[in-house]
Structure formats: structure tokens, C-alpha cells
1. Is it true that Val87 is open to solvent by less than 40 Å² (accessible area, probe 1.4 Å) and at pLDDT below 95?
2. Pairs only if they're at least six apart or on different chains, beta carbon under 8 angstrom, first in the range 10-32 and under 17 Å from Val99 (Cα atoms) and near ligand 2 (Cβ under 9 Å from one of its atoms), second aliphatic (A, V, I, L, M) and open to solvent by 40 Å² or more (accessible area, probe 1.4 Å); list them, first residue then second.
3. From the list Tyr4, Tyr77, which residue is away from ligand 2 (no atom under 16 Å from the Cβ) and open to solvent by 30 Å² or more (accessible area, probe 1.4 Å)?
4. In the range 39-68, which residue that is β-branched (Val, Ile, Thr) and more than 12 Å from the chain's Cα centre (by Cα) is farthest from Phe95 (Cα to Cα)?
Amino acid sequence: MIVYAVWNNKGGVGKSYLTFQLASEYAKNHRAKKVLVIDLCPQSNSSLTFLGGIVNQGDENLSDIQKAVPRKTIAGYIQHRIKSPYVSPKTGSEFPIQVCNYNDYIPLPAKIGVA
Ligand SMILES: Nc1ncnc2c1ncn2[C@@H]1O[C@H](COP(=O)(O)OP(=O)(O)O)[C@@H](O)[C@H]1O
Ligand SMILES: [Mg+2]
């Protein structure tokens, strides 16, 4: 498994855009691989782009996911885990969503999950 972290303390330097491009290109060129993007930024701009972008209902899709119960986001997973020390730690795979179900431009059959 290859893990890339995209981080910079400064805003507006291209983290969200680079994350979108890295994951999309990797999925396009490695169609048998699963790609998981964990978007830890509260602004969620990478997630919004994966979910269709501003012109293709990305913000509505993101808002629907954030309002749903259970909330299929990294914050939803953390919320689930802190409920009790006895909650199983093996529930992470229930939280990623498959962005190809929201965005027709995402490479298929590779599926990019965003948490
Ligand atoms: N390589 C690039 N070339 C031109 N514009 C870019 C590039 N990368 C990012 N941008 C633009 O710069 C702005 C900030 O990028 P963004 O990815 O949102 O930064 P961050 O996530 O670090 O805050 C956005 O409007 C984005 O479209
Ligand atoms: Mg960003």
C-alpha cells in the first residue's frame, strides 16, 4: 500500500487541487487498484471536487453526505469511535463513499473513496 500525505500549513497553495489530480491520475493509470482519499480539511474542497465540483452539484452532494445518518465522512467515523471505548475499531471500511456514484468523470472501473 502506498500512502501520500498532502499537507501545508498555508492556505491557497494547491493542496486540494493537487490531491484531486494525484488521486484521479493514479486511479486512471492503476485501474485494478483501490484509491482512498481521506480529506481531513474542514473546508473539504477536495471532497467537493470529487463529488462533482461547483458546476456539477458537488456542494449539494457533499452537504447531503454530511447531513446523512450515519455520516459517511472521517468526522463521522471519529464520532462513531468516541461514543464508547468498547466500539469495534474495525468499522473504518463502512465510512468511505464511492465518488464514481456521484461524478461520471471519475475513472472507471477504478473507484475513489472519499472519507
Ligand atoms: N497548479 C495550479 N495551477 C493553477 N491554479 C492552481 C493550481 N493548483 C491550485 N490552483 C488554484 O489555486 C487556488 C488554491 O488551490 P487549493 O487547492 O484550493 O489550495 P489549498 O487547498 O492549499 O488551500 C484554487 O483556486 C485552485 O484552483
Ligand atoms: Mg484546500
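1. Working: open to solvent by less than 40 Å² (accessible area, probe 1.4 Å): yes; at pLDDT below 95: yes.
It is true that Val87 is open to solvent by less than 40 Å² (accessible area, probe 1.4 Å) and at pLDDT below 95.
2. Sorted first by the residue in the range 10-32, then by its partner, the pairs are Thr19/Val6.
3. None of the others qualify; the one that does is Tyr77.
4. Among those that are β-branched (Val, Ile, Thr) and more than 12 Å from the chain's Cα centre (by Cα), it is Val55.
The values are calculated or read from the model by the stated rules, or taken from the named source; none is laboratory data. Being a predicted model, the structure only gives us computed values, none of them experimental. All Cβ positions, even for glycine, are placed from backbone atoms using ideal geometry, and neighbour counts span all protein chains on display. The protein model used for the area step is the full one, side chains on, heavy atoms only, and it has no ligands, DNA or RNA in it. Shrake-Rupley method; radii C 1.70, N 1.55, O 1.52, S 1.80 Å.
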